[in-house]
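Scroll down for the structure; my scribbles are underneath it.
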Amino acid sequence: MDFTALIQTVTDFISSHPKLALGVIALLAFGKSLAFISLLLPATVILLATGALIGESELRFMPVWLAAAAGAFAGNWLSWWLGYHYSYRITTLWPLSRKPQLLQRGHLFFERWGSWGVFIGRFFGPLRAVVPLVAGICRMPSGKFQLANAASAAVWAFGILAPGALGIPKLAALFS
């Protein structure tokens, strides 16, 4: 199955099964925020498309936003935990072992920005996959990490869903 078919299948499922949609959305955001899965999952496009379903189906913005934020929070938390508990041994596992330059970039980014790096890293594709892991490897305290994690998860989820939920036709209708 190609990515286009996968995206269409998942968005069709979410549209057809609104009672299961929040769980699927949380899982997508979780996968997009988890160190290993993030590199393989086209969740960003699916979540953007899901934003467009808000208001067009039984989906409402607040529950969808909370589900996406919770999934994103949990994915980064697990990445941090894996790095904290397994340290550099975790970097020998696939797919991270095939991308050592990504880990090096993530480490440099984290060393430069610290807690802000955890927040900012969520918004930059490949860094999203490794900065939480590196924060754990570098023994970032849990409280500092979780504060940056929660704040960035809420902002990221809003940013990924709002363009579809508040699309151009809907914005134009607000001013007409």
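FYI, it's all coordinate maths here, none of it is from the lab. What you are looking at is a predicted structure, and each value in this text was computed from that prediction instead of being measured. Neighbour counts run over all protein chains shown; Cβ positions are idealised from the backbone, glycine included.
Looking only at residues that are over 17 Å from the mean Cα position of the chain (by Cα) and not hydrophobic (A, V, I, L, M, F, W, C) in the stretch 12-51, which one is surrounded by the fewest Cβ atoms within 10 Å (Cβ to Cβ)?
Ranking the candidates gives K19 first.
Identify, by number, the condition in (1) under 28 Å from P141 (Cβ atoms); (2) within 20 Å of the chain's Cα centre (by Cα) that E111 doesn't meet.
Evaluating E111 over (1) under 28 Å from P141 (Cβ atoms); (2) within 20 Å of the chain's Cα centre (by Cα) leaves (2) as the failure.
Would the stretch 85-108 turn up any residue that is under 26 Å from G159 (Cβ atoms) and of a type in the set (K, R)?
Scanning the stretch 85-108 turns up at least one residue that is under 26 Å from G159 (Cβ atoms) and of a type in the set (K, R).
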